[in-house]
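Enquirer: Below you'll find the structure I mean.
The values are calculated or read from the model by the stated rules, or taken from the named source; none is laboratory data. As the structure is a prediction and not an experimental result, all values here were calculated from the model. Don't worry about glycine lacking a Cβ; one is built from the backbone with ideal geometry, like all the others, and counts go over all protein chains shown. For the accessible areas, the whole protein counts, side chains as well, though only heavy atoms, and no ligand, DNA or RNA atoms are used. Shrake-Rupley method; radii C 1.70, N 1.55, O 1.52, S 1.80 Å.
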Amino acid sequence: MKTLSTSLCTAVACACSIAVSTPAHGKDPRFTLPPRNVILIIGDGMDYQQITAARNYLVGAFGQLNIDSLPKRSAVQVLTIDEAPPHNVAYVADSANGGTTLATGTVTSAGRIGTTVEDADTPNILELAKARGYRVGVVTSASVTDATPAAFLAHVSFRSCEGPADMYPGVPPGAPPGTPSLPGCLPDQKAAGGKGSIAEQIATGKADVVLGGGTGKFGQTVEEGGKTVLQLAMEKGFQYANSPATLNAIQSGRVLGLFAGSTLLVKFTGPTATKMTFDSAGNALTPLPEPGNCSSNPTFATVPSLAVMTDKAIKLLSRNNQRGFFLMVESASVDKQAHARNACGHIGEMQQLDEVVEMVRAYAGDDPGTLVIVTADHGQAVQVLNEARAGGSGTPMGYVTRLNTPSDGSVLRIGYATSHGPQEDHTGTEVPILIHGGSPAAFVKPFMWQSDVFLMMAKHLNVNLD
Ligand code: MG
Ligand code: ZN
């Protein structure tokens, strides 16, 4: 909640050299240069196991997803530090701190949204771009108050401070077990001099387009009382859409679109994972599940797909706009469905992301003015396991799903073994980054830190003039 102090910055932990003032030379470049755009596509929890599982199922092992054809790629080391001093390195991120590093270049602790471990606000790419005349937007298949979009739209000490009714002291209810001690949401309340909950910050913030779920949070009463967060957003100039038809009808101006109480419906459903059990000698007591198939979720068509929302966002952000725009698009349930061990669920959300990549690449064309980046915030539990080996080392542990692959006619075995609990956990792998457009030869290093992704976007939008 505090203003960022440059004394907190180090080369690794903070990109505090970002300047937002008009350049000293005479002409303002925004009126003389062609538009520059950044479209950042985040697959939440999208590591290479997720991509490979999706490719095998959707197009076959010899097939190609749209993301496979992006011309530049690198590896991104995810960076996390402990909340408690001396802020040792932690090796597994969550979406809050991973998103914060992508959005701000700042390395922070798990659960934090746009804040350092000293609880200082750190400016994000969306704010920096807006201050330099760009239009800015966020599209997600989660609630717009969920950790990933929140990292681009708000500054709070903890990801659960989503709505005005969620401003608990200490670690809020629902926080994962083992969540480190944090100051809680009370210092972020307006009465304490803070900026309010994530939903209230979106309502009073400067984003031009915000599309996703979240009516549950925007229906809450604002801290001062008297109105809902949604009413506050409309007072501040947002048009509101709550269905594909109402979204389609809006042709210009600022838009808040909320199409679910929280997370949007997913595209595919399929068999639930089977928990493997063993006797004391290690012999499997549970037979492997029979191979199953994914099917289309019949209710999915009632919400706009990620591609439909992204198409609308690009039209709204680019219309009569000679400056350019920043857009973040998140396929959120790549992660959420992997937590829940729903193989068809995360494969379907990878397909949604891949549809977005196809559309965005067509929009960008060969114009280097549009930089398209596809990356992830952290790894997930999904593993592509060996279907050929039987018995002994061919007996998987954890949870297992087997799927008939439509293109290959083979069986795809997917395992999850990070946790015996009700949900799988994230993993600490480096994550992919795939790039189209921009000037990648100048920006892309063969091995990157997550904070480099922020610097790459800032450089393309020329918000770093140092
Ligand atoms: Mg997310
Ligand atoms: Zn997650």
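Enquirer: What are the residues in segment 78-89 that are part of a strand (DSSP E or B) and either more than 16 Å from ligand 1 (Cβ to nearest atom) or not hydroxyl-bearing (S, T, Y) (or both), if any? Reasoning before the result, please.
Expert: The initial filter retains those residues of segment 78-89 that are part of a strand (DSSP E or B), namely 80-81, 89.
Listed by number, the residues that qualify are I81, V89.
Enquirer: Does A110 satisfy the condition of being within 15 Å of ligand 1 (Cβ to nearest atom), within 30 Å of R36 (Cβ to Cβ) and not charged (D, E, K, R)? Steps first, answer last, please.
Expert: Details: within 15 Å of ligand 1 (Cβ to nearest atom): yes; within 30 Å of R36 (Cβ to Cβ): no; not charged (D, E, K, R): yes.
When the stated conditions are applied, A110 does not pass them.
Enquirer: Related question: Collect the residues in segment 272-290 that are open to solvent by less than 60 Å² (accessible area, probe 1.4 Å) and either within 27 Å of R36 (Cβ to Cβ) or of a type in the set (G, A, S) (or both), keeping them in residue-number order.
Expert: Result: A273, G282, A284.
Enquirer: Further question: For A75, all conditions in the list (1) under 27 Å from S197 (Cα atoms); (2) assigned to a strand (DSSP E or B) hold save one; what is the number of the exception?
Expert: (1)
Enquirer: Tell me yes or no: at least one residue of segment 241-249 is within 26 Å of D425 (Cα to Cα) and away from ligand 2 (no atom under 16 Å from the Cβ).
Expert: Just the residues of segment 241-249 that are within 26 Å of D425 (Cα to Cα), to begin with: none.
Checking segment 241-249: not a single residue is within 26 Å of D425 (Cα to Cα) and away from ligand 2 (no atom under 16 Å from the Cβ).
Enquirer: Would you check which residues across segment 337-370 are among the hydroxyl-bearing types (S, T, Y) and either within 16 Å of ligand 2 (Cβ to nearest atom) or surrounded by 24 or more Cβ atoms within 10 Å (Cβ to Cβ) (or both) and list them? Walk me through it before giving the result.
Expert: Within segment 337-370, the subset among the hydroxyl-bearing types (S, T, Y) is 363, 370.
Residue satisfying the conditions is T370 alone.
Enquirer: Something else about it: Output the number of residues of segment 301-336 satisfying the condition of being within 16 Å of ligand 2 (Cβ to nearest atom) and among the polar types (S, T, N, Q). Working first, answer last.
Expert: Going residue by residue through segment 301-336, those that are within 16 Å of ligand 2 (Cβ to nearest atom) are 330-336.
Retained after the next criterion (residues that are among the polar types (S, T, N, Q)): 331, 333.
Residues flagged as within 16 Å of ligand 2 (Cβ to nearest atom) and among the polar types (S, T, N, Q) within segment 301-336 amount to 2.
Enquirer: Looking only at segment 291-309, count how many residues are of a type in the set (S, T, N, Q), out of contact with any strand residue (DSSP E or B) (no Cβ under 8 Å at 6 or more places or on another chain) and surrounded by 13 or more Cβ atoms within 10 Å (Cβ to Cβ). Before the answer, list the steps.
Expert: Quick first cut of segment 291-309, residues of a type in the set (S, T, N, Q) only: 293, 295-297, 299, 302, 305.
Going one step further and asking which of them are out of contact with any strand residue (DSSP E or B) (no Cβ under 8 Å at 6 or more places or on another chain), we end up with 299, 302, 305.
Next, only the ones that are surrounded by 13 or more Cβ atoms within 10 Å (Cβ to Cβ) stay: 302, 305.
Matching residues across segment 291-309 total 2.
Enquirer: Also, I was wondering about something else. Condition (residue is farther than 30 Å from C294 by Cα, within 16 Å of ligand 2 (Cβ to nearest atom) and open to solvent by 10 Å² or more (accessible area, probe 1.4 Å)) applied to segment 103-110: is it met by at least one residue?
Expert: Narrowing segment 103-110 to residues farther than 30 Å from C294 by Cα: 103-110.
Of the ones still in play, those that are also within 16 Å of ligand 2 (Cβ to nearest atom) are 109-110.
Filter once more, so that each one left must be open to solvent by 10 Å² or more (accessible area, probe 1.4 Å): 110.
Yes, segment 103-110 contains a residue that is farther than 30 Å from C294 by Cα, within 16 Å of ligand 2 (Cβ to nearest atom) and open to solvent by 10 Å² or more (accessible area, probe 1.4 Å).
Enquirer: Against the condition in a loop (DSSP other than H, G, I, E, B) and either under 26 Å from V453 (Cβ atoms) or more than 16 Å from ligand 2 (Cβ to nearest atom) (or both), how does S393 come out, does it pass? Walk me through it before giving the result.
Expert: Details: in a loop (DSSP other than H, G, I, E, B): no; either under 26 Å from V453 (Cβ atoms) or more than 16 Å from ligand 2 (Cβ to nearest atom) (or both): yes.
Answer is no for this residue.
Enquirer: Restricting attention to helices (runs of 4 or more DSSP H) lying wholly within segment 207-270, give those where 2 or more residues are modelled with pLDDT of 95 or more and open to solvent by less than 10 Å² (accessible area, probe 1.4 Å). Reasoning before the result, please.
Expert: Working: elements: 215-218, 229-235, 244-249.
In segment 207-270, the matching helices (runs of 4 or more DSSP H) lie at 229-235.
Enquirer: Out of all the residues in segment 37-70, which are within 22 Å of the chain's Cα centre (by Cα), assigned to a loop (DSSP other than H, G, I, E, B) and more than 16 Å from ligand 1 (Cβ to nearest atom)?
Expert: L65, L70 - these are the residues of segment 37-70 that are within 22 Å of the chain's Cα centre (by Cα), assigned to a loop (DSSP other than H, G, I, E, B) and more than 16 Å from ligand 1 (Cβ to nearest atom).
Enquirer: How about segment 90-105: which of its residues are under 27 Å from A381 (Cβ atoms) and assigned to a loop (DSSP other than H, G, I, E, B)?
Expert: Residues satisfying the conditions are Y91, V92, A93, D94.
Enquirer: Would you check which residues across segment 80-102 are within 16 Å of ligand 2 (Cβ to nearest atom) and touching a residue at least 24 places away in the same chain (Cβ under 8 Å) and list them? Let's see the steps before the verdict.
Expert: Keep residues of segment 80-102 that are within 16 Å of ligand 2 (Cβ to nearest atom), which gives 80, 90-102.
T80, Y91, V92, A93, D94, S95, A96, G98, G99, T100, T101, L102 - these are the residues of segment 80-102 that are within 16 Å of ligand 2 (Cβ to nearest atom) and touching a residue at least 24 places away in the same chain (Cβ under 8 Å).
Enquirer: Based on this model, can you work out whether G137 counts as part of a loop (DSSP other than H, G, I, E, B) and closer than 17 Å to A199 by Cα? So that I can check it myself, show each step before the final result.
Expert: On the way: part of a loop (DSSP other than H, G, I, E, B): no; closer than 17 Å to A199 by Cα: yes.
No.
Enquirer: Further question on the same structure: Sort out which residues of segment 301-312 are of a type outside the set (S, T, N, Q) and in contact with a Phe, Trp or Tyr (Cβ under 9 Å, 6 or more places away or on another chain), and write them in order of number.
Expert: Passing the criteria: V303, P304, M309, D311.
Enquirer: Collect the residues in segment 400-426 that are within 16 Å of ligand 2 (Cβ to nearest atom) and surrounded by 20 or more Cβ atoms within 10 Å (Cβ to Cβ), keeping them in residue-number order.
Expert: Answer for segment 400-426, where residues must be within 16 Å of ligand 2 (Cβ to nearest atom) and surrounded by 20 or more Cβ atoms within 10 Å (Cβ to Cβ): Y416, T418, E424, H426.
Enquirer: Considering only segment 280-375, give the helices (runs of 4 or more DSSP H) lying wholly within it that have at least 2 residues that are more than 16 Å from ligand 1 (Cβ to nearest atom).
Expert: Details: elements: 306-318, 333-339, 343-364.
Fully inside segment 280-375 and qualifying: 306-318, 343-364.
Enquirer: Follow-up question, since we're still on this one. Anything in segment 36-60 that is over 24 Å from P149 (Cα atoms), surrounded by fewer than 20 Cβ atoms within 10 Å (Cβ to Cβ) and touching a strand residue (DSSP E or B) at 6+ places or on another chain (Cβ under 9 Å)? List them, or say none. Working first, answer last.
Expert: From segment 36-60, those over 24 Å from P149 (Cα atoms) are 52-53, 55-60; that's our starting set.
With the extra rule that they be surrounded by fewer than 20 Cβ atoms within 10 Å (Cβ to Cβ), the set shrinks to 52, 58-60.
If the condition is that a residue be over 24 Å from P149 (Cα atoms), surrounded by fewer than 20 Cβ atoms within 10 Å (Cβ to Cβ) and touching a strand residue (DSSP E or B) at 6+ places or on another chain (Cβ under 9 Å), then T52 is the only one that fits.
Enquirer: Could you count how many residues in segment 178-205 are within 17 Å of S95 (Cβ to Cβ) and at pLDDT below 90?
Expert: The qualifying residues number 4.
Enquirer: I need a count of the residues in segment 141-156 that are near ligand 1 (Cβ under 7 Å from one of its atoms) and either more than 22 Å from D119 (Cα to Cα) or of a type outside the set (V, I, T) (or both).
Expert: In the first step, residues of segment 141-156 are kept if they are near ligand 1 (Cβ under 7 Å from one of its atoms); the result is 142, 146-148.
Imposing the further condition that a residue be either more than 22 Å from D119 (Cα to Cα) or of a type outside the set (V, I, T) (or both) reduces the set to 142, 146-147.
Here the count works out to 3.
Enquirer: Looking only at segment 129-167, filter to residues that are of a type in the set (F, W, Y) and out of contact with any Cys (no Cβ under 9 Å at 6 or more places or on another chain); which one of those is nearest to ligand 2 (Cβ to nearest atom)? Working first, answer last.
Expert: If we filter segment 129-167 for residues that are of a type in the set (F, W, Y), which is where we start, we get 134, 152, 158.
Filter again for out of contact with any Cys (no Cβ under 9 Å at 6 or more places or on another chain), leaving 134, 152.
On the way: Y134: 29, F152: 17 Å.
The residue in question is F152.
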